[in-house]
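What follows is one structure encoded as structure tokens, with my remarks underneath.
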Amino acid sequence: MTGALSDLLNNKPLAKEHLVQLLGITNQEEHEALLHHGLNTKAASVGRIVYLRGLIELTNKCAKNCFYCGIRAGNDTIERYFLSDEDVLQAAEFAYKNQFGSLVIQTGELSGPIFAAQIERLLKLIHRHTNNELTITLSCGEQSQEVYQRWKEAGASRYLLRIEASNRKLYEFIHPADGNHDYDTRIKGLEDLKKCGYQVGTGVMIGLPGQTLEDLADDLLFFFKMDIDMVGMGPYLEHADTPMFDQRNLLLPASERFLLSLRMIALLRIMMPYINIAASTALETINPLGRQMGILAGANVVMPNLTPVTDRKKYLLYNNKPNLDKDASLSTATLNDVLSSIGETIGYGRAGDSIHFSHRQA
Ligand code: SAH
Ligand code: SF4
């Protein structure tokens, strides 16, 4: 057993070099011992309860050009959509009736007064329609502090803004230098969200071209230092119509990106026992059992997709996204069975707020 693993299992504090060693585990037994420790930590802190967030991919319109993303503005091979109020309310109603407790509204990054007003109006509409019983997370990219505040007042309680890569150089490598993608602005976004009183989520992609284990260890330390309430992270996946596709021969095999992502989840759970951690769809893209494996490494949130099936096919951040045709009620029933079979309970009807956040408030 590596020294770092036995230190970890004996609850010794984690330094960066330990994180690097643990992320670099190649021995299967050690890998499993690490994930198991993640699961045990979860059981003792937030419990073996999985919270559901119904995901509504409101629009694939985006003004940005992140090199890795399939819905970047520069991809002119896709048809753009913006869901109607009726579609949004239908998805919200599904979440409400099925006791999801919570919704996530995700979009490409748009800005300006029209977009700000659209989101504000939808937040109020959803809350009215669902008796104020669903909590809402937004994932709508970088906005001004005023807009974050306005959306908070309209009823959003959580916000996800992934840093994507906490190493500034890597961040700059995966985004164009066009004045729209600035590392410091991204960090300021996270700080502004905190000031507005949100439960703040961030995250990274794992297995980016040129990314090292040191970078990933720093990502974990970044979440810790930023005292973040929730994390959504998962493997980077290729999309053929993006500039980053040209670097695909620099990538680790998908199976390794997958295992590395599980170790990232386990280590993060051990470092930040009370935060919410999502088992990302990207995990499930590499391995059909990915979501439950993420849960068994320490994640406690899943986000079933409630976007209408016709539009879901146009929200392809990466290739081979799963469940493109699956009806939401079918996937919910399956999820229930799958999670019970691995010893987890679904937190039906519960908001599943970040306990870390309530500690932070206190
Ligand atoms: N536009 C918003 C939210 C939608 S994108 C934003 O960028 O913040 C949501 C997340 O999808 C991004 O944060 C990114 O981490 C992830 N993503 C995009 N392209 C991806 C890819 N090729 N592989 C894995 N994750 C990807
Ligand atoms: Fe737009 Fe978000 Fe994709 Fe970047 S990651 S191109 S901001 S949707």
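DSSP beta bridges in the chain, what fraction antiparallel, as a percent rounded to 5?
Numbers: 1 of 32 bridges.
About 5 percent, rounded to the nearest 5.
I'd like to check one number: the per residue accessible area of the chain, probe 1.4 Å, reported in Å² as a whole number.
Numbers: 14750 Å² over 362 residues.
Spelled out: the 1.4 Å probe surface of the chain, per residue, equals 41 Å².
What's the FRET efficiency of A43 with K195 using the Cβ-Cβ distance as r and R₀ = 25 Å, to the nearest 0.05? Intermediate values should be presented prior to the final figure.
Values: r = 34 Å, r/R0 = 1.34.
Result of the calculation: an efficiency of 0.15.
At a 1.4 Å probe radius, carbon and sulfur cover how many percent of the accessible area of region 3-361?
The C+S portion of the solvent-accessible surface of region 3-361 is 51 percent.
Using protein chains only and a probe of 1.4 angstrom, how many square angstrom of T77 are accessible, to the nearest 10?
Surface accessible to solvent at T77 totals approximately 90 Å².
Counting only residues 5 or more places away or on other chains, whose amide H sits under 5 Å from the amide H of F82 once H atoms are built in the peptide plane?
Excluding prolines and chain starts, which carry no amide H, there are no hits.
Would the chain count as rounded, prolate or oblate if I go by the C-alpha gyration tensor, calling it rounded below 1.5 in a/c and otherwise prolate when a/b exceeds b/c, oblate otherwise?
On the way: a/c = 1.43, a/b = 1.23, b/c = 1.17.
Rounded, since a/c falls under 1.5.
Rg/Rh for region 127-187 to two decimals, with Rh computed the Kirkwood way over all alpha-carbon pairs.
On the way: Rg = 15.0 Å, Rh = 13.5 Å.
Rg divided by Rh gives 1.11.
Given 0.36 nm per residue, what is the gain on full extension from K124 to M226 after removing their alpha carbon distance, in nm? Intermediate results must be reported in sequence, preceding the final value.
Numbers: separation 102, 0.36 × 102 = 36.72 nm, distance 3.01 nm.
Extra length available between K124 and M226 comes to 33.7 nm.
Exceeding 25 Å between C-alpha atoms, which entries from my cross-link table qualify? They are K97/K124; K97/K194; K64/K314; K42/K225; K124/K195. Let's see the in-between values first.
On the way: K97/K124 18 Å; K97/K194 31 Å; K64/K314 17 Å; K42/K225 20 Å; K124/K195 22 Å.
Violating the 25 Å Cα-Cα cut-off are K97/K194.
Rank-order 206-219, 274-287, 239-252 by packing density, defined as the average count of other C-beta atoms within 10 Å over each peptide's residues, highest first.
Numbers: 206-219: 21.0, 274-287: 23.7, 239-252: 14.7.
Going by the mean number of other Cβ atoms within 10 Å, highest first, we get 274-287, 206-219, 239-252.
Given the options P235, G38, M293, identify the residue whose Cα lies farthest towards the positive end of the charge dipole of the chain (+1 on Cβ of Lys, Arg; -1 on Cβ of Asp, Glu).
G38
Below 8 Å between Cα atoms, with a sequence gap of 6+, how large is the relative contact order for region 46-153 in percent? Could you put the intermediate results ahead of the total?
Working: 141 pairs, mean separation 33.3, N = 108.
The normalised contact order for region 46-153 reaches 31 percent.
Spin-label point model (7 Å from Cα, Cβ direction): what's the Q145 to Y274 distance in nm?
My value for the distance between the label points is 2.6 nm.
Fully extended, how many nm does the chain gain between A73 and A351 (0.36 nm per residue separation, minus their Cα-Cα distance)?
Details: separation 278, 0.36 × 278 = 100.08 nm, distance 3.38 nm.
Roughly 96.7 nm would be gained on extension.
I'd like the distance separating the alpha-carbon centroids of region 62-119 and region 193-218, in whole Å.
What the calculation gives is 22 Å, centre to centre.
If amide H atoms are built 1.01 Å from N in the plane of the peptide, which residues on other chains or at least 5 residues away come under 5 Å of the amide H of V50?
Sorted by chain and number, the residues that satisfy this are T345, I346, G347.
For K188, give me every one of the aspartates and glutamates with a C-alpha distance below 19 angstrom, ignoring sequence neighbours fewer than eight places off in its own chain.
Cα-Cα hits under 19 Å: E109, E142, E146, E164, E172, D178, D218, D219, D227, D229.
Which value in nm describes the separation of the simple spin-label points at K12 and D327, placed 7 Å from the Cα toward the beta carbon?
Those two pseudo-labels are separated by 5.6 nm.
Students sometimes get this wrong: rank H356, H129 by accessible area, probe 1.4 Å, all chains present, largest first. Write down the numbers at each step before the final one.
On the way: H356 35, H129 85 Å².
In descending accessible area the options line up as H129, H356.
Can you tell me what the convex hull of the Cα atoms of region 153-229 projects to on average, as an area in nm²? Please list the in-between numbers first.
On the way: hull surface 22.0 nm².
Approximately 5.5 nm², given one-decimal rounding.
Cysteines without a disulfide-compatible partner in the chain, using Cβ under 4.7 Å as the rule?
Here C62, C140, C196 come out as lacking a disulfide-compatible partner, given the Cβ-Cβ threshold of under 4.7 Å.
Using just the helices of the chain, give the 222 nm mean residue ellipticity in deg cm²/dmol: DSSP H runs with n ≥ 4 each add -39,500 (n - 2.57), and the total is spread over all residues, rounded to 500. Don't skip to the end; give the middle numbers.
Working: 15 runs with 161 residues, N = 362.
Helix-only estimate at 222 nm: -13500 deg cm²/dmol.
Can you give the relative contact order of the chain as a percent, counting alpha carbon pairs under 8 Å and 6+ residues apart? All intermediate terms of the calculation are to be shown ahead of the outcome.
Working: 656 pairs, mean separation 91.0, N = 362.
Computed over the chain, the figure is 25 percent.
Taking the full set of protein chains and a 1.4 angstrom probe, give the accessible area of R48 in square angstrom, rounded to the nearest 10.
So the heavy atoms of R48 present about 80 Å² to solvent.
The values are calculated or read from the model by the stated rules, or taken from the named source; none is laboratory data. Everything quoted here is computed from the prediction, not taken from an experiment. All Cβ positions, even for glycine, are placed from backbone atoms using ideal geometry, and neighbour counts span all protein chains on display. Ligands, DNA and RNA are stripped out before the accessible areas are found, and what is left, the full protein with its side chains, is counted by its heavy atoms. Shrake-Rupley method; radii C 1.70, N 1.55, O 1.52, S 1.80 Å.
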